[in-house]
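Following: one structure in C-alpha cells, then a few remarks.
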Amino acid sequence: VIDGLDVDGSIDVQANNVTIRNSRVSTGAARYPIRVHPGVSGTLIERVEVSNEGGDGKGIYFNSGSGTVRYSNIHSAEDGIFITADNVVVEHNYVHHLMRNAEAHPDAIQIRGGDNIRIRYNNLQAIHPDTGVSNAAIQIGSLVGDTITDLRVYGNLMNGGRFTINGGGRGEVDSAVYSGNRFGRDHQYGVQGNLQNSVWETSNVYHDNGQPAR
C-alpha cells in the first residue's frame with residue numbers, strides 16, 4: 001500500500017494487489033507517472049493526483065495489467081489513461097488539461113486492446129483553455145493488444161475533441177455499448193464517429209438541454 005505520499009517521479013506496479021491512494025505522483029519524464037505492468041492484477045489507484053506536466057506521456061498506463069482507477073485527478077499528460085489490458089475499471093475521475101505539441105495526439109482515455117473494460121461516471125475534458133480541442137475524450141486506437149470486447153461506457157460527462165468519442169472503425173472493436181453519457185458542444189466534427197460493432201443508445205444526450213447527442 002502506497003498511502004499519503006508526494007512522489008516526485010514514477011511508480012511501476014510489478015506485483016499483484018498494489019494499492020496507491022491519497023497521494024500525488026508528478027513527473028516530467030516522457031513516459032508514465034504510473035504504469036501497471038503485464039500480468040499484474042488487483043491494482044487499485046484511488047484519490048491520486050497524477051501530473052505529467054512537461055512530459056507528454058501517459059498519466060496512467062495499464063500495460064496488459066488489470067485494475068481500477070477511481071476518484072483521481074489526472075492532468076498535464078498527452079493521454080490521461082492508456083489501456084491495453086483486460087478487466088480495467090475507470091470510474092469517478094477527472095481527466096483534463098491534456099498536453100499538446102506539434103507531434104501530440106492527446107486523448108483523455110485511449111484504448112488499444114482489452115476485454116471487459118468499464119468507463120463510468122468520469123469527467124473527461126478533451127479541450128484545453130490555451131491550445132483548444134484535443135484529439136478525443138475516448139479514442140479507440142490501432143490495436144496493440146487483443147480486439148476490444150465488452151467495452152461499456154456510461155454515465156460520463158465528456159467534452160471537446162475532434163470527435164469526442166472516436167470509436168475506431170478499423171476492426172478494433174468486437175462489442176461496445178455507450179449509454180447515459182452527457183456531452184458538451186466543444187467538439188470539432190461531432191460527438192461520435194467511426195463507431196463499429198458498437199451500440200449508441202438514445203440516452204446519450206447533450207449536457208445543456210438533454211436532447212439526444214448523435
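The values are calculated or read from the model by the stated rules, or taken from the named source; none is laboratory data. These figures come from a predicted structure and were not determined experimentally. Cβ sites come from the backbone with ideal geometry, for glycine too, and all protein chains shown count toward neighbours. SASA here: full protein model, heavy atoms, side chains in, ligands and nucleic acids out. Shrake-Rupley method; radii C 1.70, N 1.55, O 1.52, S 1.80 Å.
Among the residues of the range 41-57, count how many are open to solvent by 10 Å² or more (accessible area, probe 1.4 Å) and at pLDDT 95 or above.
Count: 7.
Give the range 13-40 a look and list any residue that's outside any loop (DSSP other than H, G, I, E, B), open to solvent by 20 Å² or more (accessible area, probe 1.4 Å) and closer than 13 Å to residue 57 by Cβ, or say none.
26, 35
Out of the residues in the range 58-84 that are under 17 Å from residue 103 (Cα atoms) and outside any strand (DSSP E or B), state the one that is most open to solvent (accessible area, probe 1.4 Å).
78
Condition first: among the acidic types (Asp, Glu) and free of Cβ contacts under 8 Å to residues at least 24 places away in the same chain. Can you find one or more residues in the range 4-20 that meet it?
yes
Which of the following residues is touching an Asp or Glu at 6+ places or on another chain (Cβ under 6 Å), surrounded by fewer than 24 Cβ atoms within 10 Å (Cβ to Cβ) and acidic (Asp, Glu): 146, 150, 174?
Criteria check complete, one pass: 150.
Residues of the range 145-162 being under 20 Å from residue 196 (Cα atoms) and of a type in the set (Gly, Ala, Ser), which ones?
145, 161, listed by residue number.
Could you list, in sequence order, the residues of the range 177-189 that are open to solvent by less than 50 Å² (accessible area, probe 1.4 Å), touching a Gly at 6+ places or on another chain (Cβ under 9 Å) and farther than 24 Å from residue 115 by Cα?
Listed by number, the residues that qualify are 184, 187.
Tally the residues that are open to solvent by 10 Å² or more (accessible area, probe 1.4 Å) and under 28 Å from residue 131 (Cβ atoms), restricting the search to the range 105-119.
Here the count works out to 3.
Identify all residues within the range 122-153 that are charged (D, E, K, R) and under 24 Å from residue 201 (Cβ atoms); write none if there are none.
Selection gives 150, 152.
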